[in-house]
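K.L.:
Please see the structure below; I have some questions.
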Amino acid sequence: MNYHFIYNPIAGHGLSKRNWILIQDFLNDINFKYTAHKTQGERHAEIITRQLTSKNEEVTIICLGGDGTLSEIVNGIQDFEHTTLGIIPSGSGNDFVTATKIPKDDPIAAIKFALITQPRKINFINANERRAINIVGFGLDTDVLKCYYKIKFLPNKMRYKIATIWKTLFFKWRNSEISVDGGPTKSITSLLLSIGNGRAIGGGIKMCPEAQIDDDYLNFTYISKFPRFKTIFYLMKVMKGNVLKLRVTTSIKCKKVSLKLPNKTFQLDGIICHDTDVLNVSIAEEKINFLG
């Protein structure tokens, strides 16, 4: 088995780089053979993964980064049968990890876990021409992400909280058309909408709390229009993981969702995507061999 570590040195404001130093020392101490790959920019992890998984050989790829780096790796996999994927959580949010058994805040515990764990089959999402492993969504979460990326001078969790509060004060309802599992088209007005394989967005906010990464289903959750004076009350419930307790929340277990987007913008594993009127999201037929 060939082990390859892909690390994004800027993920988590340098957390990935710091974690890699610890992991490297640990691997060298136990004389473990591996190859390291440092990403050089956007979608470089995808290019590296495509090269590593195009040889019809057994390969294990360990991601040191956040949801964005992990998403790039998933998009690069060419041979699902012979590829195994693991994670050392090293990003800003590490939201996908909340749906796994991987230790989140201890990189040495995470690498030990990866080295002794037997892989299991998990799902991922097809979203138009891209793949996602955690959540695809649009609405307030997309607005918050745009604001979050503009705030450069604060810790990650504080940046997200400030961005959330700011955008909530000035949010706009989104009118969209949805079709679930090929059924009739329905018009909805929502605050935000999430289609999950994983459970959380925004550093741990569980928008799809009932999602399972290995059940062959998507968890489609959206918050419908409500009186604005209830905004803070509802937002607090959502941030505490109680989104399903809101009367205005709809949660559906399904295989595919088609959406007509009002502003051609959505987020895919925390990455802002543009320029599409229609978003077709489905659970992929292939599965990932996953250490977690």
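K.L.:
Taking the Cα-to-Cβ direction at Thr35 and at Ile232 and moving 7 Å from each Cα, how far apart do the two end points lie in nm?
P.N.:
5.6
K.L.:
Can you grab the distance from the C-alpha centre of the range 216-278 to the C-alpha centre of the range 46-82, Å, no decimals?
P.N.:
Cα centres, the range 216-278 to the range 46-82: 29 Å.
K.L.:
Could you work out the helix-only [θ] at 222 nm for the chain, with each DSSP H run of four or more residues adding -39,500 (n - 2.57) and the total divided by the number of residues, to the nearest 500 deg cm²/dmol? Please list the in-between numbers first.
P.N.:
Working: 7 runs with 78 residues, N = 292.
Taking each H run of at least 4 residues, the total per residue is -8000 deg cm²/dmol.
K.L.:
Report the local net charge at Glu72: Lys and Arg +1, Asp and Glu -1, summed over other residues whose C-beta lies under 11 Å from its C-beta. Before the final figure, lay out each step's value.
P.N.:
Values: positive: Arg43, Arg50, Arg130, Arg131; negative: Glu42, Glu46, Asp67, Asp269.
With Lys, Arg at +1 and Asp, Glu at -1, the net is 0.
K.L.:
Counting only protein heavy atoms and using a 1.4 Å probe, what share of the accessible area of the range 170-241 belongs to carbon plus sulfur, as a whole percent?
P.N.:
Values: 1790 of 3330 Å².
Carbon-and-sulfur percentage of accessible area, whole number: 54.
K.L.:
Probe of 1.4 angstrom, ligands and nucleic acids ignored: what's the accessible area per residue over the range 105-171, in square angstrom? Write out the running numbers ahead of the final one.
P.N.:
Numbers: 3480 Å² over 67 residues.
Result: 52 Å² of accessible area for each residue.
K.L.:
Over the range 1-128, with every protein chain in place, what whole percent of the accessible area is carbon and sulfur at 1.4 Å, could you tell me?
P.N.:
On the way: 2710 of 5780 Å².
The C+S portion of the solvent-accessible surface of the range 1-128 is 47 percent.
K.L.:
Per residue, how many Å² of accessible area does the range 220-292 show with a 1.4 Å probe? It would help to have the intermediate numbers written out before the result.
P.N.:
Numbers: 3810 Å² over 73 residues.
Ligands and nucleic acids excluded, the result is 52 Å² per residue.
K.L.:
Under a GNM of the chain (C-alpha, springs under 10 Å), which listed residue has the highest mean-square fluctuation: Thr265, Thr100, Thr276?
P.N.:
Evaluated over the chain, the most mobile residue of the options is Thr276.
K.L.:
Let me ask something additional. Starting from the Cα of Glu58, step 7 Å toward the Cβ, then list every residue of the range 270-292 with an amide N under 13 Å from that point.
P.N.:
Within reach of a label on Glu58: no residues.
The values are calculated or read from the model by the stated rules, or taken from the named source; none is laboratory data. Quick caveat: nothing in here was measured; it's all calculated off a predicted structure. Glycine gets a Cβ as well: all are built from the backbone with ideal geometry, and neighbour counts include every protein chain shown. With ligands, DNA and RNA removed, areas are computed over all heavy atoms of the protein, side chains included. Shrake-Rupley method; radii C 1.70, N 1.55, O 1.52, S 1.80 Å.
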